[in-house]
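What follows is a short report on a single structure.
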Amino acid sequence: MVFKYRLKGNHMIEESLHAIQQRMADAMASVGRVDTALLVAVTKNHPVSAVEEVARLGVTHVGENRVQEAKEKQLTYKGPALTWHLIGHLQVNKVRQAVPMFDLIHSVDSRKLLDEIEKVATKHDKVQDVLLQVNVAREASKTGMSVEEFPEIRDYAKTLPHVRVRGLMCMAPFFDDPEEARPIFRVANALYEDMKGYFEEGQIQYLSMGMTHDFEVALEEGANIVRVGTAIFGGRVYD
Ligand SMILES: *Cc1c(COP(=O)(O)O)cnc(C)c1O
């Protein structure tokens, strides 16, 4: 099956982006939050021109879910410097390419992956910022460590000098009513707050949760990174 994406015109992207930023601000205000949340514009399956367009509009954080696709975009992208987030599942055999490319890897969910990141980051003389992805909803189809595995992997990550855990990432299942994701986000937030005590002061800063469908609920439950693609760039269509 050919997977095709319909990219909105630039004018539409600008409008959509501003609408998302407004909805983010409203969601945060609705629960009295005065801190800030970061919008990661998810450009996966969209051409580099989409990256350049949001960068022109002031977006500085972009998210990709495949290493190869991101690499092609990074090579051809022209514009102001960006912070690149890897949000999709990372295979161990892609770590070698991913480490030099990404500022923050959201999808770390095993010791094996941590070991490989440590190895590659050491070679690059880099300390790789990562988030631990937890499968709070226990979806069999989703990646992410289980809540039971989390303490052990968290403590193991602390022993690696070239890996710096910065927080937690969580995906909720798709519910028709995003309200149903709220309890999942709440558990993720509790894990995130608890995690702070295990690391150096200020190290744990990011709670990445919320996508097009549920980012407002995520923000109400404490997310400070949301990853939004469809609502900015348009939906996926099948040929
Ligand atoms: C695709 C993707 C997103 C963005 O999803 P939208 O529904 O298009 O906003 C966010 N997070 C991850 C991990 C993704 O793979």
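The values are calculated or read from the model by the stated rules, or taken from the named source; none is laboratory data. Because the structure is predicted, anything quoted here is derived from the model rather than measured. We place every Cβ from the backbone using ideal geometry, glycine too, and count neighbours over all the protein chains shown.
The table below lists the values:
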read-out: Hits in region 115-162 - residues which are within 16 Å of the ligand (Cβ to nearest atom), aliphatic (A, V, I, L, M), modelled with pLDDT of 95 or more and surrounded by fewer than 22 Cβ atoms within 10 Å (Cβ to Cβ); value: Met145
read-out: Boolean, Asn65 is over 18 Å from the mean Cα position of the chain (by Cα), surrounded by 14 or more Cβ atoms within 10 Å (Cβ to Cβ) and either closer than 26 Å to Arg138 by Cβ or among the polar types (S, T, N, Q) (or both); value: no
read-out: Some residue of region 46-64 being without any contact (Cβ under 8 Å) to a residue 60 or more places away in the chain and within 11 Å of the ligand (Cβ to nearest atom); value: yes
read-out: Long-range neighbours under 8 Å by Cβ, at least six apart or interchain, first residue in contact (Cβ under 8 Å) with a residue 12 or more places away in the chain within region 27-40, second within 16 Å of the ligand (Cβ to nearest atom) and assigned to a loop (DSSP other than H, G, I, E, B); value: Met28/Ala37; Asp35/Asn224; Thr36/Asn224; Ala37/Ala223; Ala37/Asn224; Leu38/Asn224; Leu39/Val59; Val40/Ile87
read-out: Members of region 193-215 found to be within 12 Å of the ligand (Cβ to nearest atom) and either without any contact (Cβ under 8 Å) to a residue 12 or more places away in the chain or surrounded by fewer than 20 Cβ atoms within 10 Å (Cβ to Cβ) (or both), listed by number; value: Thr212, His213
read-out: Residue that is farthest from the ligand (Cβ to nearest atom), among those in region 216-239 that are in a strand (DSSP E or B) and at pLDDT 95 or above; value: Ile225
read-out: Set Val40, Val54, Val34, Val59: member being assigned to a loop (DSSP other than H, G, I, E, B) and touching a strand residue (DSSP E or B) at 6+ places or on another chain (Cβ under 6 Å); value: Val59
read-out: Hits in region 73-106 (condition: over 22 Å from Val228 (Cβ atoms) and away from the ligand (no atom under 16 Å from the Cβ)); value: Leu75, Thr76, Lys78, Val92, Asn93, Val95, Arg96, Gln97, Val99, Pro100
read-out: From Ile204, Ile184, residue being under 17 Å from the mean Cα position of the chain (by Cα) and part of a loop (DSSP other than H, G, I, E, B); value: Ile204
read-out: Options Met24, Met28; residue that is part of a helix (DSSP H, G or I), touching a Ser or Thr at 6+ places or on another chain (Cβ under 9 Å) and surrounded by 15 or more Cβ atoms within 10 Å (Cβ to Cβ); value: Met28
read-out: Val165, sole failed condition from (1) within 22 Å of Glu64 (Cα to Cα); (2) of a type outside the set (Lys, Arg); (3) surrounded by fewer than 19 Cβ atoms within 10 Å (Cβ to Cβ); (4) at pLDDT 95 or above; value: (3)
